[in-house]
1. Please work out how much length the chain gains when fully extended from residue 74 to residue 89, using 0.36 nm per residue of separation minus the C-alpha to C-alpha distance, in nm with one decimal.
2. Express in nm, to one decimal, how much length is gained between residue 38 and residue 11 on full extension, taking 0.36 nm for each residue of separation and deducting their alpha carbon distance.
3. Magnitude of the Cβ-charge dipole of the chain, K/R +1 and D/E -1, about the Cα centre, nearest 20 debye?
4. Can you give me the C-alpha center-to-center distance between region 5-26 and region 98-113, rounded to a whole angstrom?
5. Assign one of three labels to region 22-93, namely rounded, prolate or oblate, based on the Cα gyration tensor with a ≥ b ≥ c the square roots of its eigenvalues; rounded applies when a/c is under 1.5, prolate when it is not and a/b is larger than b/c, and oblate otherwise.
6. Which of 62, 91, 43 ends up with the largest GNM mean-square fluctuation for the chain, with Cα atoms connected below 10 Å?
7. Report, in deg cm²/dmol and to the nearest 500, the calculated mean residue ellipticity at 222 nm for the chain, where each DSSP H run with n ≥ 4 adds -39500 (n - 2.57) and the sum is divided by the residue count.
Amino acid sequence: MERTQVPNSYQLGEVCQILAKDNPELRGKGGCWAIVTQVNDFSCTVRTWDGEVTVGLKHLKSYEYLAEDCQQVQEICERISRVYSGGLEESVQRFLESLGKLKRAYLTGLEEKVLRVLESEINTEN
């Protein structure tokens with residue numbers, strides 16, 4: 001019996017969830033949202049809160065967000081990445097990681113305040 005490949009229907013800028021399943025390369029990324037930065041035949045390169053990774057289609061699930069929600073997640077991702085690369089304490093990095101696994105396209109008021117404080121810490125250190 002022949003297997004037919006499903007065409008890659010993901011779009012640039014689309015927000016997906018990473019499904020780590022049995023892939024050891026995705027350990028720790030399961031449940032994270034990921035923004036599609038490149039669409040390949042059988043995979044996508046995605047940006048997460050801590051970098052880019054190429055993921056097979058079976059390891060992605062679209063959140064089916066509207067365009068404005070995708071834009072909002074991209075902005076949050078960029079902010080988290082800037083703070084994360086600042087080399088802060090492990091507990092702060094865990095907080096940022098938890099933001100990268102949110103099942104929504106926005107931050108609550110408190111999450112926004114904490115992220116702003118972390119951003120100001122990074123800015124004053126540089």
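1. On the way: separation 15, 0.36 × 15 = 5.40 nm, distance 2.39 nm.
Fully extending the segment from residue 74 to residue 89 adds 3.0 nm.
2. Details: separation 27, 0.36 × 27 = 9.72 nm, distance 0.82 nm.
Stretched fully, the residue 38-residue 11 segment lengthens by 8.9 nm.
3. Numbers: 15 positive and 20 negative charges, 79 e Å.
It works out to roughly 380 debye.
4. Centre-to-centre distance over Cα atoms comes out at 22 Å.
5. On the way: a/c = 2.08, a/b = 1.27, b/c = 1.64.
In terms of gyration-tensor shape, oblate.
6. Looking only at 62, 91, 43, the biggest GNM fluctuation is shown by 91.
7. Details: 3 runs with 45 residues, N = 126.
Dividing the helical sum by the residues of the chain leaves -11500 deg cm²/dmol.
Quick note: the coordinates plus some simple rules give every number you see, no bench work behind them. All of these numbers come straight from a predicted model, not from anything done at the bench. Please note: Cβ atoms are built from the backbone with ideal geometry, for glycine as well, and neighbour counts cover all protein chains shown.
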